[in-house]
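The values are calculated or read from the model by the stated rules, or taken from the named source; none is laboratory data. The structure presented is a predicted model; accordingly, all values stated were derived computationally and were not measured. Heads up, the Cβs are rebuilt from the backbone with ideal geometry, glycines too, and the neighbour counts pull from every protein chain shown.
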């Protein structure tokens with residue numbers, strides 16, 4: 001398994017995994033399959049383009065197949081630049097339970113610790129997603145609050161737990 005920062009040239013593989021996540025776990029994301037299936041490959045490439053304050057990690061199998069993704073974005077405000085956020089964490093169903101999610105988030109944490117001035121990573125997770133919460137807790141994140149009715153999809157509300165990892 002190889003974990004690396006995705007480049008624009010890997011937009012198609014990213015889009016396939018992202019759409020898989022939106023289709024299979026619609027309540028876990030702030031976006032929807034119907035919205036993102038319309039994104040052009042150019043828009044997806046721009047979305048994953050790495051910068052000083054943003055990157056998307058991908059986990060690739062031996063044959064180069066993309067099995068998981070996670071996005072990091074650093075706050076850019078003068079008073080919030082010490083914080084970053086995890087978004088869009090997803091591992092394809094056939095690779096869950098293999099430690100792939102732990103490797104992805106572990107590598108994200110490692111990379112962000114190297115960023116000058118970075119002090120904490122925040123994320124939100126659907127409150128009923130116990131597997132994801134266990135993973136984040138085991139990596140040192142702590143729950144510091146809950147937003148009730150944070151997401152609404154097809155007339156169903158989802159609460160989200162707010163989590164933080166401080167360095």
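Only helices (runs of 4 or more DSSP H) wholly contained in region 1-87 count here; list those with 1 or more residues that are in contact (Cβ under 8 Å) with a residue 24 or more places away in the chain, in contact with a helix residue (DSSP H, G or I) (Cβ under 8 Å, 6 or more places away or on another chain) and within 20 Å of residue 107 (Cα to Cα). Don't jump to the end; show me each part of the working.
Values: elements: 11-24, 33-36, 41-48.
Fully inside region 1-87 and qualifying: 11-24, 41-48.
Residue by residue, here is whether (1) over 17 Å from residue 22 (Cα atoms); (2) surrounded by fewer than 16 Cβ atoms within 10 Å (Cβ to Cβ) holds:
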site	(1), (2)
57	yes, no
71	no, no
82	yes, yes
100	yes, no
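Could you tell me which residue of region 136-159 is surrounded by the most Cβ atoms within 10 Å (Cβ to Cβ), considering only residues that are in a loop (DSSP other than H, G, I, E, B) and at pLDDT below 95? First the steps, then the outcome.
Filtering region 136-159 for residues in a loop (DSSP other than H, G, I, E, B) gives 139-141, 154-155.
From the residues that got through so far, the ones that are at pLDDT below 95 too are 154-155.
Numbers: 154: 7, 155: 5.
This residue is 154.
Only one residue in 89, 118 is at pLDDT 95 or above, surrounded by 14 or more Cβ atoms within 10 Å (Cβ to Cβ) and over 28 Å from residue 34 (Cα atoms), so which one is that?
After applying the criteria, what remains is 118.
Selection of region 102-135 for residues being over 15 Å from residue 73 (Cβ atoms), outside any strand (DSSP E or B) and in contact with a helix residue (DSSP H, G or I) (Cβ under 7 Å, 6 or more places away or on another chain) yields 102, 129, 135. Sub-8 Å Cβ pairs linking a first residue in region 101-114 that is more than 14 Å from residue 56 (Cα to Cα) to a second residue that is in a helix (DSSP H, G or I), at least 6 apart or interchain, are 102/135; 102/138, ordered by first then second residue. Applying the set (1) touching a strand residue (DSSP E or B) at 6+ places or on another chain (Cβ under 6 Å); (2) surrounded by fewer than 17 Cβ atoms within 10 Å (Cβ to Cβ) to residue 30 leaves exactly one unmet item: (1).
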